[in-house]
Each structure stands twice: as structure tokens, then as C-alpha cells.
Amino acid sequence: MKKAIGLLTVLSFSVYLAGCSTNTGTSSSSGNGSESASKKTITLWTFADTHKQYYDEMKAKYEQEHPDVNIKIELLEFAAMFDKYTVIAQSGGKGAPDLIDVEQGAFPRYIKGDVPFEPLNEYMETAGLSDAIPKGRLDLYTVNSKIYGIEIAACVSALYYRKDLYDAAGIDVPSLKTWNEFMEASKPLIGSDKYVLSGSEKDQGLFEQLLRQEGGDVVTSDGKIGFNTPTGIEVLQRIKDWKEQGFLSKSSPEGPQYWEAFTKGKFIAAFGPDWWAGQLVQNSPDLSGKWAAVPMPLGGPSSVQTSVNGGTGLMLSKFSANKDAAWDFLRYTHLDTNNIVESFHIINLFPALTSATQAPDLHKESATTKYFGGQDIAQLYADLGTQAPSQNQAWWRSLIGKAWDKYEPDYQAGKITPEAFLANVDKELQSLIDAEQARK
């Protein structure tokens, strides 16, 4: 769920394995000189602070309802967590967690060959939950008809903007229906080191979101390369124009400095999914009451008012010693209507779970609605969800970034056009795919 997602950490195998302990699946404690009843310990790894916040709430409830189970939640750095699990999986599973949050962009690294997660189809069928999550959200974590992850969030995108600044300038944002109208109206609010949107030196993330808004994707529905198209060229040109016109910054701070830039008014709008708004609420509390959200403005003729970006599936490790107990906690956190509604109020993740999207309690006052000036943002997400485009998966999708990075410097330096850039990335990506397949 990623601005979420872009840190690289390289650790040696010895460090990984030194930090791993055998997962026996049980723990015991003693009191007054006698050993108490043994408890099952379920370990869950996550990379997201917001997810951990929700899991901690569920852990307290679950352990009270299940005194024979101990839930251990561990927060790890994004890249390090996936590198660590890869090493563990390749080393026979020693030290593996029972459950692990796998960001959809990281999932492809695990789906060539033996998938190190437990298929969930039978668990879902037995629980009568096979249709509980929309197919589009399950497809991100499905390989050869086997479902390996359960999504917590719908990940539909909206446009967020500083309502106080736009209102003071007499700009009625809800009436602006296209990107051209929105950017043109925003001109009085930009200036030296002040932009409408946060950009970066690498356009791939923005490109993918806007491409999906136009009905495309980097991967086609039948698993082919999908970005080198007239629509892809149009979207990349739009991003280029925004930078040249001062609407979009050419670089962006990272970490806490990113949110500080919003607090200081360097960026006055953003578009992104529910989890982005949740991070805004958490990291820029001083701006409470100053933001509002509307559907994304339209771009080209096939454009819709939203996009999808990211996603994280909670997965059951194939190495878990307590699969049934681990599945039960997964079901509790991701497939229980009341708990999923609570997750929205805790961390603003609009539900992927269909029953939760229809729950009246989803619309009650929360920290998020207060932050957005009393707006029922859940209703906005619900309305946009009916238009949400597909986000397709392929084992080679993680190779796009490598191909993209090869030509990004020349593109940003103006040495090649958007058309030539996408053509080069397409060709390089196909070469990388062919090389990987030749290794089989």
C-alpha cells in the first residue's frame, strides 16, 4: 500500500538467518512455580504502520475471545521483510511467520515455481466466503486458480485537495470535471516551490494510476505488456506537461519530510486510494478540517472518475505449524464484516469485503470524517467503487521497474520522447521476460 513503497534494503543471508528462530507454533508461560497451559502462537509480519495499528486492535479482541492463542504482530521494513521471507522460503521455511502481508507489487517475486503460501480456496469454501471479496481484488493474488491472499482494501482512488485554500480563492473544485479544468483553475495557487501535486524523478507510479483511469494497465487482462499504446503515450505526455507547467513537482521528499511538505502547503492536492488518505490523516494532523475529497477529474474519452492503486493481501505461509489457527485470525481480520468496518474507522481502509461496504456503521463519524470536515468519505469510495478499473497481475510485472529505470534518465533529460521512451521500455521488458523464461 504502498508512496508508500520504494525502499531497498540489502541484507546478507547470514544476517537473515541469524534473526530467524524456529517457529514451533507454541509458547508457554509459568506462574507460581507451575507451567500454565501451552498456547498456540501465531506470528504475523506486516510492513505498514497503519496495518499494524489495526492488527494490534484485533489482537487484543481476538486473544480475549481465544485465550488459547497468542498473536504476535511484527512490523518490518518493506524491502527487508520480503527479502527475508524469500531467504526463509528458499532455506526450507525455518523462521517463517504464520501470516504475512504481501503488497501486490511484491507478490510476483513469489509466483514463479513453487509458491511459498498456502492456497486459501478450500478455507474460503468451507467458511462460505468464496464470493466475499470481488474477483478483481482476488485476482491480484491468484495463480493457476489458486487464491493465495485476501485483500483488506478496495484501493479506489479519489482527488484530495486543500478545501480551505481553494475556497479562499473562490474555486469550486466539485464543479471541475476534467484534469484540464482542475489544473487551469489551480493556477492562482501555485508558485515558487508550491505545486498542485507531488511528483518525482520517476514517473512510473503516477503513470500506472492514470493509465488505469483511462481503461488501460501495464499488464493486459490476458497477461500481455499493456503500456506501450496510444493511451499510454497520452498519459505520459500529460504528466510531462504538468511538470513543465509547474503543476507537478519534478522531485519529492521522502519519509516524514514528504508529509511535512503537505503540512507547509508545498503540495495542495493529491490523488490516490483510501490508504493514501489514511496516511495523510495520520501524518499531517495539523491539517485536520482543511481537506476534502471528490472523484478524480476525467482525462481522455475512456476516462472514469477513479483509479486503483496498490493493495496488500494477507497470506498464510505454507510453512506455518498452525495453519487452521492462522487462517482463523486471517478470517477474523479480513473477512469479518464488523471488524472490517472497524478497520475503516481506525485506518481509513475502505473495505474490499462486499458485506462491509454495505454496512451502515461504515458511515458513522470517525477520525477520518472529522479530518475531512465531516465529509462521508466512505460514501464517496462506495460510489467510485462501482467504476473502479481492473489491476492485472503477471509474474513478470516486477520487471517493469527495471526496464523503466534503464531509460528514465534520458527521458527526464529530454533526450527521448514519450513515444520512444515507452517503446524502449516495452522492448527492454520483453528481453527481460525472455531471459527469465530461458532460465527454466
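The values are calculated or read from the model by the stated rules, or taken from the named source; none is laboratory data. Remember, predicted model here, so these are calculated numbers, not experimental data. Methodologically, a virtual Cβ is constructed for each residue, glycine included, from the backbone with ideal geometry; neighbour enumeration extends over all protein chains shown. What goes into the accessible areas is simple: the full protein's heavy atoms, side chains included, and nothing from ligands, DNA or RNA. Shrake-Rupley method; radii C 1.70, N 1.55, O 1.52, S 1.80 Å.
Can K112 be described as assigned to a loop (DSSP other than H, G, I, E, B) and farther than 19 Å from N322 by Cα? Can you show your working first?
Working: assigned to a loop (DSSP other than H, G, I, E, B): yes; farther than 19 Å from N322 by Cα: yes.
The answer is yes for K112.
Selection of segment 129-146 for residues being surrounded by 15 or more Cβ atoms within 10 Å (Cβ to Cβ), closer than 24 Å to Q387 by Cα and not acidic (D, E) yields L129, S130, A132, I133, P134, G136, R137, L138, L140, Y141, T142.
Residues that are open to solvent by 30 Å² or more (accessible area, probe 1.4 Å) and of a type in the set (G, A, S) within segment 365-381 comprise A367, G373, G374, listed in sequence order. Of all residues in segment 75-96, none are surrounded by fewer than 18 Cβ atoms within 10 Å (Cβ to Cβ), farther than 21 Å from Y110 by Cβ and at pLDDT 50 or above.
Of the residues making up segment 158-199, those that are open to solvent by 70 Å² or more (accessible area, probe 1.4 Å), farther than 21 Å from Q375 by Cα and either in contact with a Ser or Thr (Cβ under 8 Å, 6 or more places away or on another chain) or of a type outside the set (K, R) (or both) number 6.
Each row is one residue, and each column tells you yes or no for (1) in contact with a Pro (Cβ under 8 Å, 6 or more places away or on another chain); (2) assigned to a loop (DSSP other than H, G, I, E, B).
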residue: G265; (1), (2): no, yes
residue: W275; (1), (2): no, no
residue: Q279; (1), (2): no, no
residue: A292; (1), (2): no, no
residue: G300; (1), (2): no, yes
residue: A325; (1), (2): no, no
residue: D328; (1), (2): no, no
residue: T333; (1), (2): no, no
residue: I340; (1), (2): yes, no
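Pairs only if they're at least six apart or on different chains, beta carbon under 6 angstrom, first in segment 259-271 and farther than 14 Å from K194 by Cβ, second polar (S, T, N, Q) and surrounded by fewer than 19 Cβ atoms within 10 Å (Cβ to Cβ); list them, first residue then second. Listed pairs, sorted by first residue: W259/N283. Only a single item in (1) out of contact with any Phe, Trp or Tyr (no Cβ under 7 Å at 6 or more places or on another chain); (2) more than 21 Å from W276 (Cβ to Cβ); (3) not acidic (D, E) is not met by F421, and it is number (1). Would you please name the residue that is farthest from D328 (Cα to Cα), looking only at residues in segment 112-126 that are open to solvent by less than 50 Å² (accessible area, probe 1.4 Å) and out of contact with any Leu (no Cβ under 7 Å at 6 or more places or on another chain)? Among residues in segment 112-126 that are open to solvent by less than 50 Å² (accessible area, probe 1.4 Å) and out of contact with any Leu (no Cβ under 7 Å at 6 or more places or on another chain), the one farthest from D328 (Cα to Cα) is V115.
Taken across segment 185-197, residues that are at pLDDT 95 or above and under 17 Å from L384 (Cβ atoms) do not occur at all. Regarding segment 215-236, can at least one residue be identified that is within 22 Å of the chain's Cα centre (by Cα), more than 30 Å from I433 (Cα to Cα) and open to solvent by 30 Å² or more (accessible area, probe 1.4 Å)? For segment 215-236, residues within 22 Å of the chain's Cα centre (by Cα), more than 30 Å from I433 (Cα to Cα) and open to solvent by 30 Å² or more (accessible area, probe 1.4 Å): absent. Check whether at least one residue in segment 243-264 is closer than 23 Å to Y381 by Cβ, modelled with pLDDT of 95 or more and open to solvent by less than 10 Å² (accessible area, probe 1.4 Å), and report yes or no. Looking for residues that are closer than 23 Å to Y381 by Cβ, modelled with pLDDT of 95 or more and open to solvent by less than 10 Å² (accessible area, probe 1.4 Å), one finds at least one in segment 243-264, hence yes.
The residue of segment 399-429 that is modelled with the lowest pLDDT, among those that are over 21 Å from I239 (Cα atoms) and surrounded by 16 or more Cβ atoms within 10 Å (Cβ to Cβ), is L399. In this structure, V235 does satisfy being β-branched (V, I, T), under 30 Å from S398 (Cβ atoms), at pLDDT 95 or above and in contact with a helix residue (DSSP H, G or I) (Cβ under 7 Å, 6 or more places away or on another chain).
Give segment 123-152 a look and list any residue that's basic (K, R) and either modelled with pLDDT under 90 or touching an Asp or Glu at 6+ places or on another chain (Cβ under 7 Å) (or both), or say none. Write out each step before concluding.
Step one: filter segment 123-152 for residues basic (K, R), giving 135, 137, 146.
Residues satisfying the conditions are K135, R137.
The numbered conditions (1) modelled with pLDDT under 95; (2) open to solvent by less than 30 Å² (accessible area, probe 1.4 Å); (3) assigned to a helix (DSSP H, G or I) are all true for L349 except (3).
Per the conditions (1) in a loop (DSSP other than H, G, I, E, B); (2) hydroxyl-bearing (S, T, Y); (3) in contact with a helix residue (DSSP H, G or I) (Cβ under 6 Å, 6 or more places away or on another chain); (4) surrounded by fewer than 18 Cβ atoms within 10 Å (Cβ to Cβ), the sole criterion not satisfied by T306 is (4).
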